[in-house]
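Peer 1: Handing you this structure, nothing more for now.
Values quoted throughout were computed directly from the atomic coordinates according to the rules given, and no laboratory measurement underlies them. Computed from a predicted structure; not experimentally measured. So basically every Cβ, Gly included, is an ideal-geometry build from the backbone, and we count neighbours across all protein chains shown.
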Amino acid sequence: MKKIVILISGRGSNMEALIAASDAGQLPVNIAAVISNRPDAKGLETAARAGITAHFIDHKTFAGREAFDAALAECIDQFSPDLVVLAGFMRILSEGFVRHYAGRLMNIHPSLLPSFPGLHTHQRALEEGVRIHGCTVHFVTPTLDHGPVIIQAAIPVLDGDTEESLAARILVQEHKVYPQAIRWFAEDKLTLENGRVRLSADLADTAVLISPEVR
Ligand code: GAR
């Protein structure tokens, strides 16, 4: 069974969805550890309660990004993971770190990339007046919130939506697509070809989830 290490910075609801999927026998991976860059991340308690090794490495105690990333990589590599999963890990990663995990570093982002990389995605989607918004799971490249797309989920932006209402509806979708993407990785159904993700033939039209509200 493939081994994963999950990186978080806060609440950890995506991490929790992965733990739940694994417990339900729907995600054939061994969650070897959860690591946070914040000592007070709520998700650390959730992971520990689930019996998963939980560590923190406080980025504030390091002189710079490279030093923190080196310590983080050293901690991750103790577990020899096949995949490193960014689940609300709110740090920009150095190029060296990303290259070290090339093809085995996944992220979830709350927008339909390449639209709205970075922060405040829901507020920016509302400001732009887009009619469709969503989330993306992708392999990580050195460019922030960029890289080969694995799966996306779309929801409609409704009149009267707020940042909070959009965030809540998209989070429901995040909790579906992240376990799905990692299951495909675990089952060797994803390959990277010329910077794009190719899915095994039986999955060809399943990499987009349209919320039932979209008609
Ligand atoms: C999620 O919405 C995730 O997509 C986002 O942070 C939230 C973490 O929530 N990630 C990013 O914005 C990364 N660019 P969680 O801690 O409850 O999983």
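Peer 1: Restricting the search to region 37-85, which residues are among the β-branched types (Val, Ile, Thr), surrounded by fewer than 16 Cβ atoms within 10 Å (Cβ to Cβ) and assigned to a loop (DSSP other than H, G, I, E, B)? Working first, answer last.
Peer 2: Taking region 37-85 and keeping what is among the β-branched types (Val, Ile, Thr), we get 46, 52-53, 57, 61, 76, 84-85.
Remaining after also requiring surrounded by fewer than 16 Cβ atoms within 10 Å (Cβ to Cβ): 53, 61.
Answer for region 37-85, where residues must be among the β-branched types (Val, Ile, Thr), surrounded by fewer than 16 Cβ atoms within 10 Å (Cβ to Cβ) and assigned to a loop (DSSP other than H, G, I, E, B): just Thr53.
Peer 1: Out of all the residues in region 193-204, is one or more assigned to a strand (DSSP E or B), exposed (fewer than 14 other Cβ atoms within 10 Å of the Cβ) and out of contact with any strand residue (DSSP E or B) (no Cβ under 9 Å at 6 or more places or on another chain)? Outline the logic, then answer.
Peer 2: Taking region 193-204 and keeping what is assigned to a strand (DSSP E or B), we get 193, 196-199.
Next cut, exposed (fewer than 14 other Cβ atoms within 10 Å of the Cβ) only: 193, 196.
With out of contact with any strand residue (DSSP E or B) (no Cβ under 9 Å at 6 or more places or on another chain) added as a condition, the list becomes 193.
Yes, there is a match, as at least one residue in region 193-204 is assigned to a strand (DSSP E or B), exposed (fewer than 14 other Cβ atoms within 10 Å of the Cβ) and out of contact with any strand residue (DSSP E or B) (no Cβ under 9 Å at 6 or more places or on another chain).
Peer 1: A further question on this structure: Scan region 2-22 residue by residue and report those that are within 8 Å of the ligand (Cβ to nearest atom) and part of a strand (DSSP E or B).
Peer 2: Ile8
Peer 1: Every residue in region 118-144 that is out of contact with any helix residue (DSSP H, G or I) (no Cβ under 9 Å at 6 or more places or on another chain) and either under 18 Å from Tyr178 (Cα atoms) or of a type in the set (Asp, Glu) (or both), please.
Peer 2: Result: Glu127, Glu128, Phe139.
Peer 1: What pairs come up if the first residue lies in region 57-68 and is closer than 15 Å to Ile92 by Cβ, the second is polar (S, T, N, Q), and their beta carbons are under 7 Å apart, counting only those six or more places apart or on different chains?
Peer 2: His59/Asn37; Arg65/Ser94; Glu66/Ser94
Peer 1: Sticking with this one: Looking at region 150-167, I want the residues that are within 30 Å of Arg104 (Cα to Cα) and have a partner that is among the charged types (D, E, K, R) and loosely packed, with under 14 Cβ neighbours inside 10 Å with Cβ atoms under 7 Å, at least 6 apart or on another chain. Which pairs are those?
Peer 2: From residues that are within 30 Å of Arg104 (Cα to Cα), the pairs are Ile155/Glu213.
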